[in-house]
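The block underneath contains the structure these notes are about, expressed in structure tokens.
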Amino acid sequence: MAYKISDSCVACGTCINECPVEAISAGDIYVIDADKCISCGTCAGVCPSEAIAEE
Ligand code: SF4
């Protein structure tokens with residue numbers, strides 16, 4: 001099960017460099033590619049907006 005970024009995302013960029021498989025893309029809100037995500041949870045742990053959760 002992949003992680004997903006909700007619309008609580010403020011596009012701060014904290015998560016994007018933490019993902020070990022480069023599954024996160026920048027944008028108005030950030031997006032996780034479910035096909036790349038290995039559900040490690042690293043991004044959820046660093047998000048200051050608590051915008052990332054397992055689907
Ligand atoms: Fe990347 Fe891990 Fe977050 Fe999936 S859960 S997007 S692999 S940091």
If unit charges are put on Cβ atoms (+1 for Lys and Arg, -1 for Asp and Glu) and the dipole of segment 8-55 is taken about its Cα centre, the option from Cys12, Gly41, Val31 lying farthest towards the positive end turns out to be Cys12
Per-residue ellipticity at 222 nm attributable to helices in the chain (runs of n ≥ 4 DSSP H, -39500 (n - 2.57) apiece, nearest 500 deg cm²/dmol) works out to -1500 deg cm²/dmol
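Quantify, in whole percent, the carbon and sulfur part of the accessible surface of the chain (1.4 Å probe; protein heavy atoms only).
Heavy-atom surface of the chain belonging to carbon and sulfur, 1.4 Å probe: 46 percent.
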Looks like the chain, by Cα gyration tensor root eigenvalues a ≥ b ≥ c and the a/c under 1.5 rounded cutoff (else prolate when a/b is bigger than b/c, oblate otherwise), is rounded
Hey, got the dipole for the chain? About the Cα centre, +1 on K and R Cβ, -1 on D and E Cβ, debye to the nearest 20? 80 debye
The set of cysteines in the chain having no other cysteine's C-beta under 4.7 Å reads Cys9, Cys12, Cys19, Cys37, Cys40, Cys47
3J(HN,Hα) from dihedral phi, segment 46-51, Karplus parametrisation 6.51/-1.76/1.60, rounded to Hz, x for glycine, proline: 9, 5, x, 9, 6, 8
Once amide hydrogens are built 1.01 Å from N within the peptide plane, the residues lying 5 or more places from Ala53 or on another chain with amide H under 5 Å from its amide H are Lys4, Ser6
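The values are calculated or read from the model by the stated rules, or taken from the named source; none is laboratory data. For clarity, every value in this text was computed on a predicted model and none was experimentally measured. Please note: Cβ atoms are built from the backbone with ideal geometry, for glycine as well, and neighbour counts cover all protein chains shown. These accessible areas exclude ligands, DNA and RNA; they are computed on the full protein's heavy atoms, side chains included. Shrake-Rupley method; radii C 1.70, N 1.55, O 1.52, S 1.80 Å.
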